[in-house]
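Each remark here refers to the structure printed beneath this line.
The values are calculated or read from the model by the stated rules, or taken from the named source; none is laboratory data. Everything numeric here is computed off the predicted structure, so don't read it as measured data. Quick reminder, even Gly has a Cβ in these numbers, built from the backbone with ideal geometry, and neighbours come from all protein chains shown.
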Amino acid sequence: MSESRQSKWMKAHIAQGLCTQCSEPSVNGIFCLRHFIKRRELMRRIRGSKKRYKGAYSYNLQLAQRTAQTLQAEAMVSGLP
Ligand SMILES: [Zn+2]
């Protein structure tokens, strides 16, 4: 049985360090941050999780990105005359 076109595309993206959903640079080898979070929330819904493991890699990345965005926004605001 031959490998599907989609499967080849995903493997090529993983080999190049890109997201398998959208071709952005990946953060965990498979997904970009956006799709990493999307997958986490999907799996939470499927499993019916009540608690959140706040030390998990995706939460740390999310927090780091938010902090960077906040600092950038503050720099822009303070940079105005
Ligand atoms: Zn993506």
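Brief remarks on what is shown
- The stretch 17-59, subset charged (D, E, K, R) and part of a helix (DSSP H, G or I), residue nearest to the chain's Cα centre (by Cα): 34
- Meets criteria (away from the ligand (no atom under 12 Å from the Cβ) and at pLDDT below 95) for residue 66: yes
- Pick from the stretch 1-28, criterion surrounded by 12 or more Cβ atoms within 10 Å (Cβ to Cβ) and closer than 19 Å to residue 62 by Cβ, ranking: farthest from the ligand (Cβ to nearest atom): 28
- Test: residue in the stretch 52-74 that is surrounded by 12 or more Cβ atoms within 10 Å (Cβ to Cβ), without any contact (Cβ under 8 Å) to a residue 24 or more places away in the chain and of a type in the set (Asp, Glu): no
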